[in-house]
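Trainee: Structure below; questions to follow.
The values are calculated or read from the model by the stated rules, or taken from the named source; none is laboratory data. Remember, it's a predicted structure, so these values are computed and weren't measured experimentally. Glycine gets a Cβ as well: all are built from the backbone with ideal geometry, and neighbour counts include every protein chain shown.
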Amino acid sequence: MTLLVPFDGSDLSEAALVRAAEFRSVLDDDLLAVTVLPGENDEYAREKGWVGPNERLDMKSVVTNLRKKVASVCPEAEFRYEVVDRYAPSGTIAKRVRKIAKDEDARLVFVGSDNAGHFVTSMATVGQSIATDEAYDVVIVRNRSPDEITPRDDVTSRKQVADPCQSE
């Protein structure tokens, strides 16, 4: 199974990747960071901080920078990106992330969102759409720290707790 992180390079998407990596250390699942980019959309790239105020979007440079960011946070994570149309309708990015989550048999999706608020329904469009899919569980990350992966004890060395559902 897969742990999936929609990744845009923001502090919260990095924090979500850290949390996913911590879960990976216990679950031993694959870890996939996914970026969906609207092609040739300079304004969107500026909003995300991928290019400066007067720069044009250079897709190759943005993808390279995001890939490096993922590798610096979590070297064992796979990075994948997809490009959608510049004028893609609202919800296209979230739909693409949901499709990838289903195709990759995601167990958990880690969403970094400032807009998580008190209820999932108050999240931003992408987070809300991803969080409402019942094909996987969702972990909402609102806290930017810790910003690095904390080593954990070897899972096999921990005291094993008997499974109450198993008969002896």
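Trainee: Just checking, how many residues over the range 80-99 are under 21 Å from LYS69 (Cβ atoms) and either of a type in the set (Lys, Arg) or in contact with a Cys (Cβ under 7 Å, 6 or more places away or on another chain) (or both)?
Mentor: 2
Trainee: Looking only at the range 1-28, count every residue that is charged (D, E, K, R), buried (at least 18 other Cβ atoms within 10 Å of the Cβ) and not in a helix (DSSP H, G or I) and tell me the total.
Mentor: 1
Trainee: Follow-up question, since we're still on this one. How many residues are modelled with pLDDT of 95 or more and part of a helix (DSSP H, G or I) if we restrict to the range 47-92?
Mentor: Here the count works out to 14.
Trainee: What do you reckon, is GLU134 closer than 17 Å to VAL5 by Cβ, more than 12 Å from the chain's Cα centre (by Cα) and at pLDDT below 70?
Mentor: Details: closer than 17 Å to VAL5 by Cβ: no; more than 12 Å from the chain's Cα centre (by Cα): yes; at pLDDT below 70: yes.
In short, no.
Trainee: Another one. Out of curiosity, is VAL18 closer than 19 Å to ARG96 by Cα, of a type in the set (Val, Ile, Thr) and touching a residue at least 12 places away in the same chain (Cβ under 8 Å)? Steps first, please.
Mentor: On the way: closer than 19 Å to ARG96 by Cα: no; of a type in the set (Val, Ile, Thr): yes; touching a residue at least 12 places away in the same chain (Cβ under 8 Å): yes.
Against the criterion (closer than 19 Å to ARG96 by Cα, of a type in the set (Val, Ile, Thr) and touching a residue at least 12 places away in the same chain (Cβ under 8 Å)), VAL18 does not qualify.
Trainee: Ok, one more. Among the residues of the range 48-56, are any crowded, with 20+ Cβ neighbours inside 10 Å, among the hydrophobic types (A, V, I, L, M, F, W, C) and touching a Gly at 6+ places or on another chain (Cβ under 6 Å)? Step through it out loud before you land on a result.
Mentor: To start, the set of residues in the range 48-56 that are crowded, with 20+ Cβ neighbours inside 10 Å comprises 50.
Narrowing further to those that are among the hydrophobic types (A, V, I, L, M, F, W, C): 50.
Applying the additional criterion that residues be touching a Gly at 6+ places or on another chain (Cβ under 6 Å) yields none.
Within the range 48-56, none of the residues are crowded, with 20+ Cβ neighbours inside 10 Å, among the hydrophobic types (A, V, I, L, M, F, W, C) and touching a Gly at 6+ places or on another chain (Cβ under 6 Å).
Trainee: If you scan the range 93-111, which residues turn out to be surrounded by 14 or more Cβ atoms within 10 Å (Cβ to Cβ) and in a helix (DSSP H, G or I)?
Mentor: Within the range 93-111, the first condition is being surrounded by 14 or more Cβ atoms within 10 Å (Cβ to Cβ), and the residues that meet it are 93-98, 100-101, 104, 106-111.
Correct list: ILE93, ALA94, LYS95, ARG96, VAL97, ARG98, ILE100, ALA101.
Trainee: I'm trying to understand the selection: among the residues of the range 38-59, which are under 17 Å from GLY112 (Cβ atoms) and in contact with a helix residue (DSSP H, G or I) (Cβ under 7 Å, 6 or more places away or on another chain)?
Mentor: Residues of the range 38-59 under 17 Å from GLY112 (Cβ atoms): 47-50.
TRP50, the sole residue that qualifies.
Trainee: If I filter the range 34-68 down to residues being without any contact (Cβ under 8 Å) to a residue 40 or more places away in the chain and polar (S, T, N, Q), which single residue comes out as nearest to PHE7 (Cα to Cα)?
Mentor: Quick first cut of the range 34-68, residues without any contact (Cβ under 8 Å) to a residue 40 or more places away in the chain only: 42-47, 51-64, 67-68.
Right, trim to polar (S, T, N, Q) and you get 54, 61, 64.
On the way: ASN54: 24, SER61: 16, THR64: 13 Å.
Checking each candidate, the answer is THR64.
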